[in-house]
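Read through the structure below, which is laid out as structure tokens, and then see the notes.
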Amino acid sequence: MKLKKFSFRYAEEILSNPKYKNVLSEILNICQNCPLPYYPGKSTKQPKLDIVQQIINTYFLVAFVKSGWEDEPYASPSEFKDALRSDFRKTFALDDNEKITIQVEVEMGNAASSYRNYFKIQLSYANDLTNIGLVIVPCSTLSTRIDSGVANFEKCVREIPSAKLSLTVPIFVIGLDDIDSELWDLRKITQNIQEYSANSTAAKEKRKELIEDYLKEINF
């Protein structure tokens with residue numbers, strides 16, 4: 001997958017420091033290896049939709065967990081009555097006994113959810129649960145192939161700086177760019193995409209198996 005990047009409050013510049021090179025490399029490797037699951041005709045009502053969101057989400061779940069990231073960590077202290085959960089978090093121990101913690105929000109759904117993601121990252125930062133927030137979203141052209149009203153990279157780039165008085169945490173935004181990215185044609189795997197895109201337990205398990213096989217094929 002091709003990537004676009006945006007750095008708020010010097011997040012990428014921090015991660016580009018040589019002592020954090022393994023941290024940045026791991027993040028970029030996970031994002032670059034994200035497949036582009038293509039299935040034209042997945043929606044009879046919206047013919048232009050041809051990318052399967054659920055498989056992208058499952059990819060990030062399996063890839064991050066496989067790389068040692070915590071799944072659904074608390075975004076707020078556990079004693080909070082209305083404790084929120086993030087998508088992923090990992091603390092990297094560095095050679096000089098320093099540590100850096102990265103919190104991840106993957107947003108392939110409704111654009112309104114982006115604001116909740118920023119809030120969770122800021123809340124974690126304010127409570128010393130993370131040092132940098134990572135937001136992974138589709139670029140605009142890809143978002144329109146997933147569904148209508150989906151969050152996108154360009155919107156994040158416009159909106160995050162406008163909230164600089166309330167967002168004090170460094171945020172690194174990665175946009176998944178479908179332009180010139182190789183398609184993963186799911187028609188070679190199934191003639192019924194509902195087997196993989198439904199919300200049933202069986203479909204979720206099939207997605208995990210599919211992604212695990214994919215990661216083996218690319219030696220991830």
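In the chain, carbon and sulfur make up what percent of the accessible area (probe 1.4 Å)? Kindly include the intermediate steps, with their values, before the conclusion.
Details: 5150 of 11210 Å².
Exposed carbon and sulfur together represent 46 percent of the surface.
In whole Å, what three semi-axes, largest first, describe the equivalent ellipsoid of the chain built from its Cα gyration tensor (square root of 5 times each eigenvalue)? Numbers along the way, then the final one.
Details: eigenvalues 169, 74, 60 Å².
The answer is 29, 19, 17 Å, longest axis first.
Where does the range 5-50 land on Rg/Rh, using Cα atoms and the Kirkwood Rh? Write out the running numbers ahead of the final one.
Numbers: Rg = 17.2 Å, Rh = 13.4 Å.
Looking at the range 5-50, the ratio lands at 1.29.
Suppose the chain between Leu84 and Lys21 were pulled fully straight at 0.36 nm per residue; how much longer would it get relative to their current alpha carbon spacing? Mind showing how you got there, number by number?
Numbers: separation 63, 0.36 × 63 = 22.68 nm, distance 2.98 nm.
Roughly 19.7 nm would be gained on extension.
Where does helix 113-126 land angle-wise versus the long Cα axis of the chain, in degrees 0 to 90, nearest 10?
For 113-126 against the chain, the angle is about 30 degrees.
Tell me the per residue accessible area of the chain using a 1.4 Å probe; a whole number in Å² is fine. Please report the intermediate quantities before stating the final value.
Details: 11210 Å² over 220 residues.
About 51 Å² of surface per residue is accessible.
Taking the Cα centre of each part, how many Å lie between the range 1-72 and the range 132-175?
The range 1-72 and the range 132-175 have Cα centres spaced 13 Å from each other.
Considering the dipole of the range 1-112 built from charges on the beta carbon (Lys and Arg +1, Asp and Glu -1) around the Cα centre, which of Pro35, Val23, Val104 is farthest to its positive end?
Pro35
For the chain, take the longest principal axis of its alpha carbons; what is the angle in degrees between that and the long axis of helix 201-217, to the nearest 10 within 0 to 90?
80 degrees
Around Phe220, what is the net charge, scoring Lys/Arg as +1 and Asp/Glu as -1 over all other residues with Cβ under 13 Å from its Cβ?
Values: positive: Lys66, Lys216; negative: Glu26, Glu212, Asp213, Glu217.
Net local charge, Phe220 excluded: -2.
From the phi angles alone, apply the Karplus equation (6.51, -1.76, 1.60; θ = phi - 60°) to the range 62-73 and give each ³J(HN,Hα) in whole Hz, x where the residue is Gly or Pro.
5, 5, 5, 4, 4, 8, x, 8, 6, 8, 6, x
Connecting C-alpha atoms closer than 10 Å in a GNM of the chain, tell me which of Leu210, Leu94, Leu24 has the biggest fluctuation.
Comparing Leu210, Leu94, Leu24 in the GNM, the peak value goes to Leu94.
Near Ser43, within a Cβ-to-Cβ distance under 9 Å, what is the net charge of the other residues, with Lys and Arg +1 and Asp and Glu -1? Don't jump to the answer; show the numbers that get you there.
Values: positive: Lys42, Lys45, Lys48; negative: Asp50, Asp147.
The answer is +1.
What are the ³J(HN,Hα) couplings of the range 30-39, residue after residue, when phi is run through the Karplus curve with 6.51, -1.76, 1.60 and θ = phi - 60°? Round to Hz, x for glycine and proline.
4, 5, 5, 8, 4, x, 10, x, 9, 8
Please work out how much length the chain gains when fully extended from Asp128 to Thr141, using 0.36 nm per residue of separation minus the C-alpha to C-alpha distance, in nm with one decimal. Don't skip to the answer; put the middle values down first.
Working: separation 13, 0.36 × 13 = 4.68 nm, distance 3.57 nm.
Gain in length upon complete extension: 1.1 nm.
Would you mind checking which residues have amide H under 5 Å from Leu3's amide H? H placed 1.01 Å from N; only 5 or more apart, or other chain.
Under 5 Å from the amide H of Leu3 lie the amide H atoms of Asp177, each far enough along the sequence or on another chain.
Please report the net charge: other residues with Cβ closer than 10 Å to the Cβ of Trp69, K and R +1, D and E -1. List each step's numbers first, then the result.
Details: positive: Lys66, Arg89, Lys90; negative: Glu26, Glu70, Asp71, Asp87.
Once positives and negatives cancel, what remains is -1.
Only bridges with both residues in the chain count here: give the DSSP antiparallel percent, nearest 5.
Working: 18 of 31 bridges.
Among the beta bridges of the chain, antiparallel pairing accounts for roughly 60 percent.
The values are calculated or read from the model by the stated rules, or taken from the named source; none is laboratory data. All figures in this text were calculated on a predicted structure; none of them were measured in a lab. Virtual Cβ from ideal backbone geometry, glycine too; neighbours counted across all protein chains shown. In case anyone asks, the SASA skips ligands and DNA or RNA and just uses the protein heavy atoms, side chains included. Shrake-Rupley method; radii C 1.70, N 1.55, O 1.52, S 1.80 Å.
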